[in-house]
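Note sheet for the following structure.
The values are calculated or read from the model by the stated rules, or taken from the named source; none is laboratory data. Just so we're clear, the structure is a prediction, and the values are computed from it rather than from any experiment. FYI the Cβ positions are ideal-geometry reconstructions off the backbone, even for glycines, and counts take in every protein chain you see. Areas reflect the complete protein model, heavy atoms only, side chains present, ligands, DNA and RNA absent. Shrake-Rupley method; radii C 1.70, N 1.55, O 1.52, S 1.80 Å.
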Amino acid sequence: MKSIETKTYTVHFNTKGYTALNNYIENSKFSKIFILVDTNTHEKCLAKFMAQLETKIAIEVIEIDAGEQHKTIDTCVGVWNALSDLGADRKSLMLNLGGGVVTDLGGFVACTFKRGIKYINIPTSLLAMVDASVGGKTGVDLGALKNQVGVISSGDMVIIDTSYLDTLPQNQMKSGLAEMLKHGLIVDKAYFDKLINLSQLTLNDLDVLIHESVEIKKNIVTKDPFEQNERKHLNFGHTLGHAIESYFLSHPEKEELLHGEAIAIGMILECFISAEILNLPKQDLDYITKALNNIYIPVKIETSDYDAIIEFLKYDKKNEHGNINFVLLDTIGKPKIDCLVDNELIVQSFEYYRGS
């Protein structure tokens, strides 16, 4: 699988990634190497990863608790303290081995420890492979509010080894698939069509599709690294999706949703809004809704939930001057940024989802 070059780092795939990593370590004269894992990747991925390392440099492992609820500043403080206690200096290297929580939080910790140490992401979930580990966004949540604190700063490389997906449960695979489906909706209908025919896909197909998804995101991020224009396209489905994810995370009686599960709902809602505002063709709306509902089990959203979810919208990072800015679709593959949507239409979108 061909590596993907960006302006500041390279995404390597499978065995080529470990060759690149070992060469990088050998040539960089690091003082120490720190591997950040969570409780899941410590158990399921660490031994396999360590077996690929060819270095005599001292290695320390730092473990955090698994789960979005631990993607916090408090967890960062624990990792910063561990780095300090274990003798990390500015010539240390941090390897983030895990899903999106580990790569987001680990990147942020590395960018801020001693004003910045080198780091590399080794994503182990599908979501992290196609989204979280690529593009340089790092950071943590603020309570239930997603990704409110962070910086844009790319690591020195990304290593995507799809064999780690063997350890992933089906719901986590579907969570990552949502971001790939989004890439299809904002860039290429043919790619979306391939993804929804899951029964026809082999593991080799998945490798190719992951590579294509990373290429799509890379192309967008390269043109607009600091999200002033085109990179906002990647937020399609996320304005309402993040609000729903935050609401379910904070509600004591709701079952927490995975990121992709919430984004799938957000994409249906925002496709409905697109049809109302931008005249997204009805056949496209129906096609997308049916496709997503065939993959993701519909989630029960009560009318009593609407106002609280809408309240979360004010924390969206795309907001400017008090306006809530949506990314909507003119057609599949043609997104439009900075669309204003009133609350009445948002409520109608919830009603549409409930009836779909």
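Under 5 Å between amide hydrogens, built in the peptide plane, is the criterion, and for V158 it picks out T10, V11, H12 among residues at least 5 positions away or on other chains. Computed from the C-beta positions of D188 and I295 and an R0 of 25 Å, the FRET efficiency is 0.85 to the nearest 0.05. Residues in region 50-67 carry Karplus couplings, in order, of 4, 5, 8, 7, 10, 8, 9, 5, 4, 10, 10, 10, 10, 10, 10, 5, 7, x Hz; the curve used is 6.51 cos²θ - 1.76 cosθ + 1.60 with θ = phi - 60°, and Gly or Pro positions show x.
Need one word for region 41-195: rounded, prolate or oblate. Basis is the Cα gyration tensor (sqrt eigenvalues a ≥ b ≥ c); a/c below 1.5 gives rounded, then a/b vs b/c decides. It comes out prolate by the Cα gyration axes. The Cβ shell under 15 Å around M1 holds other residues with a net charge of -3, Lys and Arg each +1, Asp and Glu each -1. Just to confirm my numbers, what's the Cα centroid distance between region 264-322 and region 172-249 in Å? Here the answer is 16 Å between Cα centres.
Charges were assigned to the Cβ only: +1 to each Lys and Arg, -1 to each Asp and Glu. The resulting dipole of the chain about its Cα centre is roughly 1260 debye. Using alpha carbon centroids, what distance separates region 9-46 and region 100-116, in Å? With region 9-46 and region 100-116 each reduced to a Cα centre, they are spaced 15 Å. The antiparallel fraction among DSSP beta bridges confined to the chain stands at about 40%. State whether region 136-285 is rounded, prolate or oblate according to the following rule on the C-alpha gyration tensor (a ≥ b ≥ c being the square roots of its eigenvalues): a/c under 1.5 gives rounded; otherwise a/b larger than b/c gives prolate, and the remaining case gives oblate. It is rounded, given that a/c, with a ≥ b ≥ c, falls under 1.5.
Residues of region 115-156 falling in the label zone of W80, defined by backbone nitrogen less than 19 Å from a point 7 Å along Cα to beta-carbon, are 115-119, 138-143, 147-153.
Could you grab the relative contact order for region 212-356? Cα pairs under 8 Å, six or more apart, rounded to a whole percent. Worked out over region 212-356, it gives 27 percent. Under a Gaussian network description of the chain, with springs only between Cα atoms under 10 Å, the residue in T202, T289, T222 that fluctuates furthest is T202.
Just to verify a number: FRET efficiency for V149 and D305, C-beta to C-beta distance, R0 = 25 Å, to 0.05? Numbers along the way, then the final one.
Values: r = 26 Å, r/R0 = 1.05.
Efficiency, rounded to the nearest 0.05: 0.45.
Quick check on packing: order 59-66, 91-98, 137-144 by the mean number of other C-beta atoms within 10 Å, highest mean leading.
Top of the packing list down: 91-98, 137-144, 59-66.
Of all DSSP-defined beta bridges confined to region 1-131, some 10% are antiparallel rather than parallel. Distant-in-sequence amide contacts of L257, defined by a placed amide H-H separation under 5 Å and a gap of 5 or more residues or a different chain, comprise L249. Quick check: from the Cα gyration tensor, does region 3-47 come out rounded (a/c under 1.5), prolate or oblate? It is oblate, given that a/c is not under 1.5 and a/b is not larger than b/c. Scalar couplings 3J(HN,Hα) for region 226-231, obtained by applying the Karplus form with A = 6.51, B = -1.76, C = 1.60 to θ = phi - 60°, are 9, 6, 8, 8, 5, 4 Hz; x denotes Gly and Pro.
Of the trypsin sites (Lys or Arg not before Pro) in region 282-356, the ones in a loop by DSSP (not H, G, I, E or B) with at most 11 other beta carbons within 10 Å are K300. The tail of the calculated P(r) for the chain beyond 32 Å holds 29 percent of all Cα-Cα pairs. Annotation: amide H-H contacts under 5 Å for I35 (H modelled 1.01 Å from N, sequence separation of 5 or more, or interchain): E60, V61, I62, L95.
Run the accessible area of region 160-278 with a 1.4 Å probe and give the carbon-and-sulfur part as a rounded percent.
Result for region 160-278: 49 percent of the exposed heavy-atom area is carbon or sulfur.
Computed from Cα atoms, the angle from the helix 100-112 axis to the main principal axis of the chain rounds to 60 degrees.
Loop-located GluC sites (Glu not before Pro) in region 236-305 (DSSP state other than H, G, I, E, B) with a sparse environment of at most 10 neighbouring Cβ atoms within 10 Å: E253, E255, E302. Averaging the sequence gap over all C-alpha pairs within less than 8 Å and six or more residues apart, then dividing by the number of residues, gives the chain a relative contact order of 14 percent. For region 41-83, applying the loop criterion from DSSP together with a ceiling of 16 other beta carbons within 10 Å to the trypsin sites (Lys or Arg not before Pro) yields K56.
When Lys and Arg each count +1 and Asp and Glu each count -1, what net charge do the other residues less than 13 Å away from V102, Cβ to Cβ, add up to?
Values: positive: K44, K71; negative: D38, E63, D65, E68, D104.
Within the 13 Å Cβ shell, the charges total -3.
Per-residue 3J(HN,Hα) values for region 144-160, derived from phi via the Karplus relation 6.51 cos²θ - 1.76 cosθ + 1.60 with θ = phi - 60°, read 8, 8, 6, 6, 7, 10, x, 9, 9, 7, 6, x, 7, 6, 10, 10, 9 Hz in sequence order (x marks Gly and Pro).
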